[in-house]
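Okay, so here's the structure we're looking at.
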Amino acid sequence: MENQVLTPHVYWAQRHRELYLRVELSDVQNPAISITENVLHFKAQGHGAKGDNVYEFHLEFLDLVKPEPVYKLTQRQVNITVQKKVSQWWERLTKQEKRPLFLAPDFDRWLDESDAEMELRAKEEERLNKLRLESEGSPETLTNLRKGYLFMYNLVQFLGFSWIFVNLTVRFCILGKESFYDTFHTVADMMYFCQMLAVVETINAAIGVTTSPVLPSLIQLLGRNFILFIIFGTMEEMQNKAVVFFVFYLWSAIEIFRYSFYMLTCIDMDWKVLTWLRYTLWIPLYPLGCLAEAISVIQSIPVFNETGRFSFTLPYPVKIKVRFSFFLQIYLIMIFLGLYINFRHLYKQRRRRYGQKKKKIH
């Protein structure tokens, strides 16, 4: 008697790009599954509706598929996934219009075309979001990069101003007042570097890398660089004056505590002594720094008048000579206006940090 071919129960579902087949056979090992000439061939030993036997079936697909089926064995079934060659919705699974008796819809995975399109769009959006996150970096990665960048910036500035402060202190201890008069030629290069790098701090505030307000940072940047590059940098007569020592010394004394505080903040460290110094030392140092800057401007006025540098004559018919000292006198007023703005900003910061706590009501 010729052996009867046994076919298992097969359930199917589809998406626009894939076909899913679920073969109801348990305890299957090493099944023979292949696709040739767009026909799926299945043969396996397993336990099905007719007991423990060899089961097989053949399905010719409605449209072209990729000839590499992927299957997964579980204790109760065989799951087969077949990729369509063209992403589209099929009206049925097989080329023959009449559905084979052993084939039925898999209602656990079944979706109609519109639902499948929504699922496809959701997966595409998820894929694009994942790619965007990978290209932009995760929020945690971006935060770590930002902290690392700010740590390195504050470290470089701390080292630069520390070098200036230590250099001036050591020279004063050894040479006394004589060290005042060659301060510019000793530390000017490092001060140029630190003050040019300070532009980054204002940019960070402007683009949101830091939460600092832009105006106080910009006022300090422009004010210091005006003193450094215009008053001291362009006039050799000013470079040998004692006021240069006090300006540079006060700037560096302020910044070594400010940058070291910011540096430790980037690595989530809070040293209470340093925090107190950062929010307290500015109270005497900022007014003294502005006073030293004002003295340097006052001392430079006769020098600019004598040399005529940056002075100019208005064109005909006015022909009035405008001395640069006129702008320096205006700048003197702006120094103390800037001091007020920065002092107010720093006072608010200190009040937020060390403001009086409300007394408990007993």
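The values are calculated or read from the model by the stated rules, or taken from the named source; none is laboratory data. What you are looking at is a predicted structure, and each value in this text was computed from that prediction instead of being measured. Counting neighbours? That spans all protein chains shown, and the Cβs are built from the backbone with ideal geometry, glycine included. Each accessible area value is taken on the protein alone, full model and side chains, heavy atoms only, with ligands, DNA and RNA left out. Shrake-Rupley method; radii C 1.70, N 1.55, O 1.52, S 1.80 Å.
Please verify whether segment 206-215 includes one or more residues that are part of a helix (DSSP H, G or I) and open to solvent by less than 20 Å² (accessible area, probe 1.4 Å).
Looking through segment 206-215, none of the residues is part of a helix (DSSP H, G or I) and open to solvent by less than 20 Å² (accessible area, probe 1.4 Å).
Which ones in segment 11-45 are acidic (Asp, Glu) and in a strand (DSSP E or B)?
GLU18, the sole residue that qualifies.
Does any residue of segment 315-326 turn out to be open to solvent by 90 Å² or more (accessible area, probe 1.4 Å), in a helix (DSSP H, G or I) and in the same structural domain as PHE257 (by the TED database)?
Checked against the condition, which is being open to solvent by 90 Å² or more (accessible area, probe 1.4 Å), in a helix (DSSP H, G or I) and in the same structural domain as PHE257 (by the TED database), segment 315-326 yields at least one hit.
Here are the criteria: (1) without any contact (Cβ under 8 Å) to a residue 40 or more places away in the chain; (2) assigned by the TED database to the domain that holds HIS185. Tell me which single one PHE161 does not satisfy.
Of the numbered conditions (1) without any contact (Cβ under 8 Å) to a residue 40 or more places away in the chain; (2) assigned by the TED database to the domain that holds HIS185, the odd one out for PHE161 is (1).
A quick yes/no check of all residues on (1) closer than 30 Å to ASN154 by Cβ; (2) touching a strand residue (DSSP E or B) at 6+ places or on another chain (Cβ under 7 Å):
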position: VAL247; (1), (2): yes, no
position: TYR262; (1), (2): yes, no
position: SER296; (1), (2): yes, no
position: GLN299; (1), (2): no, no
position: VAL303; (1), (2): no, no
position: GLU306; (1), (2): no, no
position: SER311; (1), (2): no, yes
position: ILE333; (1), (2): no, no
position: GLY338; (1), (2): yes, no
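Which strands (runs of 3 or more DSSP E) sit wholly inside segment 46-129 and have at least 2 residues that are among the hydrophobic types (A, V, I, L, M, F, W, C) and surrounded by fewer than 13 Cβ atoms within 10 Å (Cβ to Cβ)?
none
Among the residues of segment 233-240, is any within 21 Å of VAL187 (Cα to Cα), of a type in the set (S, T, N, Q), free of Cβ contacts under 8 Å to residues at least 60 places away in the same chain and in a helix (DSSP H, G or I)?
Scanning segment 233-240 turns up at least one residue that is within 21 Å of VAL187 (Cα to Cα), of a type in the set (S, T, N, Q), free of Cβ contacts under 8 Å to residues at least 60 places away in the same chain and in a helix (DSSP H, G or I).
Of the residues in segment 137-187, how many are outside any helix (DSSP H, G or I) and open to solvent by 30 Å² or more (accessible area, probe 1.4 Å)?
1
Being open to solvent by less than 30 Å² (accessible area, probe 1.4 Å) and closer than 21 Å to CYS194 by Cβ is true for just one of TYR249, TYR259. Which residue is that?
Within the list TYR249, TYR259, the selection yields TYR259.
Residue by residue through segment 1-44, note down the ones that are free of Cβ contacts under 8 Å to residues at least 40 places away in the same chain and open to solvent by 90 Å² or more (accessible area, probe 1.4 Å).
Answer for segment 1-44, where residues must be free of Cβ contacts under 8 Å to residues at least 40 places away in the same chain and open to solvent by 90 Å² or more (accessible area, probe 1.4 Å): MET1, GLU2, ASN3, GLN4, ASN30, GLU37, LYS43.
I need the full set of residues from segment 262-278 which are over 23 Å from VAL200 (Cβ atoms) and either open to solvent by less than 30 Å² (accessible area, probe 1.4 Å) or part of a loop (DSSP other than H, G, I, E, B) (or both), in order please.
Selection gives ASP270, TRP271, THR275.
Give me the pairs, please: first residue somewhere in segment 173-188 and under 19 Å from TRP251 (Cβ atoms) and in the same structural domain as VAL244 (by the TED database), second residue anywhere and open to solvent by 20 Å² or more (accessible area, probe 1.4 Å) and outside any helix (DSSP H, G or I), beta-carbon distance under 7 Å, and either six or more positions apart or on two chains.
Qualifying pairs under 7 Å: PHE180/ALA242; TYR181/ASN240; TYR181/ALA242.
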